[in-house]
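Data first, discussion second: the structure below is written as structure tokens.
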Amino acid sequence: MIDISRGDVLGSSGASDLFQILRDGRSRTRTELANLTGLARSTIALRVDALMQLGLVSPTADAPSTGGRPSSQFALATDIKVVLAVDIGASHVRIAVSDPAGRPLEEDSANIEVARGPEAVLNWVIEAGDALIKKTGRSLSDLLAIGVGLPGPVEYSTGLPINPPIMPGWDRFDVPAWLKGHFNVPILVDNDVNIMALGEREVAWPDVEHLIFVKVATGIGSGLISGGILQRGAQGIAGDIGHVQVPRGADVPCHCGNRGCLEALASGPAMARALREQGHDTASSQDVVELVKHGNLDAIQAVRQAGRDLGEVLTACVSLVNPSVIVIGGSMAQAGEHLIAGVREVVYARSMPLATAHLQITQSNVGANAAVLGAGMLAIHHALSPARVEAMVSNIDAIAAGA
Ligand SMILES: [Zn+2]
């Protein structure tokens, strides 16, 4: 497992134990660390030294101790190491250099069609990544890992996009190898909805352990966080709810080859098509959002019905995983409360009372930044996991022993 459940910080031995305690950013003295871990102060000192050598922990402002002599404190170092966060969309790429707490330090973006193929897009990422790292005053040796989100299905274990419908030339393209050839750090690749779920959770719901993030845009998908861990399932396709059949849609054809899929009825293009049939000039999702904002009744009804369709599928999800928060994001979330109202109408009416007693169904707080923030968290969760930190510490131990 790459993700770390909060609270599960004492799972391994050695310096990474200390580091997982310090990851919350709070400063602590050696004595506090000794009390928390039960380790001798001399052992703590050795491990803190190793973590400082790695640039993961740094001394912070001294606090007066009881004897009047200031005692050193230590915390997660946010001014040395960085990760690169990359959000590749259908027609845009956003990239950020973030500190180990997930805060973006420098950002850039470009309008690049993903259909231009992996080499063109990833070469832009390499060039922009180099420039941004330089801008923060860091070098490539300060880079811990890279997180990448792609707008299609990804086999998480290998980082390969698999038959992505809107990404010609990307099928099974080795994204990690291409980027690793230049950056030489771990490369984590996931689909855009999963990284949006990570970003939304990190920023808006840090204490929530059970959350479903739903993206409603050109397509419909969801990212599922259960027990504090992003659930990808056996092949990385968990949460792909767009092609579940909904009762209203028996005959509507879907681009997947089936009929009556949620995506064929409730996505932005599906709503635009339904409104065109009613005589409105709606070519895109954005046109639907605009009509709703102008109070057009047909558009409001179409969005609300899409919310109900989504609610049908989410009712099953609520029964299965009992989330405490469902967040609706993606471009159609800009249609505001009407979409959410449709979802609530069905989910609250059809779920067991205990499942909805404390269930919140709400619009994304993080909006367009969720994906790039989530890509950063994907990289950080991996780079700062107990196993990785342990490996980095043994590496310096090995170098010291060989010297
Ligand atoms: Zn379908």
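The values are calculated or read from the model by the stated rules, or taken from the named source; none is laboratory data. Small disclaimer: the values here were computed from a predicted structure and weren't measured. Here Cβ is always computed from backbone atoms with ideal geometry, including for glycine, and neighbour counts include all displayed protein chains. Remember, those area values only see protein heavy atoms, side chains included, never the ligands or the DNA or RNA. Shrake-Rupley method; radii C 1.70, N 1.55, O 1.52, S 1.80 Å.
Structure data summary
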read-out	value
Arg26/Asn395 FRET efficiency (R0 30 Å; Cβ-Cβ; nearest 0.05)	0.65
Cα-based reach from Lys81 at 22 Å (exclusive), listing lysines while leaving out same-chain residues under 8 positions away	Lys134, Lys135, Lys180
Max mean-square fluctuation residue, GNM over the chain, Cα-Cα springs under 10 Å, options Asp130, Asp192, Asp24	Asp24
Relative counts (whole %) of C-alpha pair distances in the stretch 59-208, using bins that are 10 Å wide	11, 37, 30, 12, 6, 3, 1
Distance from the stretch 222-265 to the stretch 155-193 (C-alpha centre basis), Å	22 Å
Cross-link partners of Lys293 among lysines (Cα-Cα below 26 Å; sequence separation of 8 or more within a chain)	Lys215
Average accessible surface area per residue within the chain, 1.4 Å rolling probe, Å²	44 Å²
Largest to smallest accessible area among Lys134, Lys293 [probe 1.4 Å]	Lys134, Lys293
In Å², nearest 10: area of Arg138 left accessible to a 1.4 Å probe	40 Å²
The stretch 39-50 - phi-based ³J(HN,Hα) in whole Hz, Karplus 6.51/-1.76/1.60, Gly and Pro as x	8, 5, 4, 5, 5, 4, 4, 4, 6, 5, 4, 4
J(HN,Hα) series, the stretch 97-112, from Karplus relation 6.51 cos²θ - 1.76 cosθ + 1.60, nearest Hz, glycine and proline x	9, 10, 7, x, 8, x, 7, x, 9, 9, 9, 8, 8, 8, 8, 10
Taking the C-alpha atoms of the stretch 206-365, convex hull volume expressed per residue in Å³	109 Å³
For the stretch 22-28, 3J(HN,Hα) per residue [Karplus equation, 6.51 cos²θ - 1.76 cosθ + 1.60, θ = phi - 60°, Hz, x = Gly/Pro]	7, 5, 6, x, 6, 7, 9
Share, in percent, of DSSP beta bridges within the stretch 206-365 that are antiparallel, nearest 5	55 percent
Whole-percent carbon and sulfur share, accessible surface of the stretch 206-365, 1.4 Å	52 percent
Per-residue SASA entry for His92, accessible area with 1.4 Å probe, Å² rounded to 10	60 Å²
Solvent accessible area, Å² - Ser141, 1.4 Å probe, full protein context	90 Å²
Relative contact order (%) - the stretch 206-365, alpha-carbon pairs under 8 angstrom, separation at least six	24 percent
Share of Cα-Cα pairs in the chain lying beyond 28 Å, as whole percent	51 percent
Antiparallel bridges, percent of DSSP beta bridges restricted to the stretch 113-235 (to nearest 5)	70 percent
Point-to-point label distance, Val208-Ala45, nm (Cα→Cβ direction, 7 Å offset)	4.6 nm
Of all DSSP beta bridges in the chain, antiparallel share, percent nearest 5	65 percent
